[in-house]
Amino acid sequence: MADPKTQFYGASSLDGFLATSDDSLEWLLQLGDGAPTYAAFIADVGAIAMGAATYEWLLRHHLRPGSPEEQPWPYAQPTWVFTHRTLPTVPSADLRFVSGDGTPIHAAMRAAAGEKNIWLVGGGELVGQFVDRDLLDELIVQIAPVTLGAGKPLLPRSLHSPPLRLLSAQQFGDTFVELRYELPRAPTSQPP
């Protein structure tokens, strides 16, 4: 594997939203399984970061604890959940609830991931915070053929100078296109 990276991997509407204003993903779920790159992607992930909204969505819509449809935690990797609140835990999941400066947390995630990548699950503000600290290496986005008009933005930050560098574009059937972008690193000052 190449050098380990910190990556966002997820789907967005054509107009740049991850979810509706009320955190619904029904617009995405109607489209089926999405891009077939997930299995290869997750095989290279050694640690996961997610925000509280994504964690709570998983609890309500996927895990459904205590219900007849209850599902197990979907990830084998250690997962850092960024939150300022006390959230319910999931038995048998390797969860670490954290808040504060993401830089030392990222260092702990990097150590746990070893030679594998770190995946930012969800998006929006959490991804923005990693961008603010120059910790995000790649955006891998599956663009869905729907528009939402409003909702939770893919990345609530301005990234225009220098622009992102397109690494690849791949079409999947007549539904999704996956775009992979590298984030440019902030220039470092060199001593005279």
The lone exception for D22 - which of (1) at pLDDT below 90; (2) under 20 Å from E138 (Cβ atoms); (3) loosely packed, with under 14 Cβ neighbours inside 10 Å it fails: (2)
Region 47-75, subset without any contact (Cβ under 8 Å) to a residue 12 or more places away in the chain and not hydroxyl-bearing (S, T, Y), residue farthest from A113 (Cα to Cα): P68
Residues of region 1-20 satisfying the condition of being part of a loop (DSSP other than H, G, I, E, B), in contact with a strand residue (DSSP E or B) (Cβ under 7 Å, 6 or more places away or on another chain) and within 17 Å of E125 (Cβ to Cβ): G16
Residues of region 140-169 classified as in contact with a Lys or Arg (Cβ under 8 Å, 6 or more places away or on another chain) and either free of Cβ contacts under 8 Å to residues at least 60 places away in the same chain or over 21 Å from L120 (Cα atoms) (or both), total: 4
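Results for (1) out of contact with any Phe, Trp or Tyr (no Cβ under 7 Å at 6 or more places or on another chain); (2) not aliphatic (A, V, I, L, M), shown as yes or no for each residue.
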residue	(1), (2)
P91	yes, yes
F97	yes, yes
L136	no, no
P162	yes, yes
E178	no, yes
Any hit, region 184-191, residues being touching a strand residue (DSSP E or B) at 6+ places or on another chain (Cβ under 9 Å), surrounded by 14 or more Cβ atoms within 10 Å (Cβ to Cβ) and either in a loop (DSSP other than H, G, I, E, B) or not aliphatic (A, V, I, L, M) (or both): no
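The values are calculated or read from the model by the stated rules, or taken from the named source; none is laboratory data. No experiment lies behind these values; they were computed from the predicted model shown. All Cβ positions, even for glycine, are placed from backbone atoms using ideal geometry, and neighbour counts span all protein chains on display.
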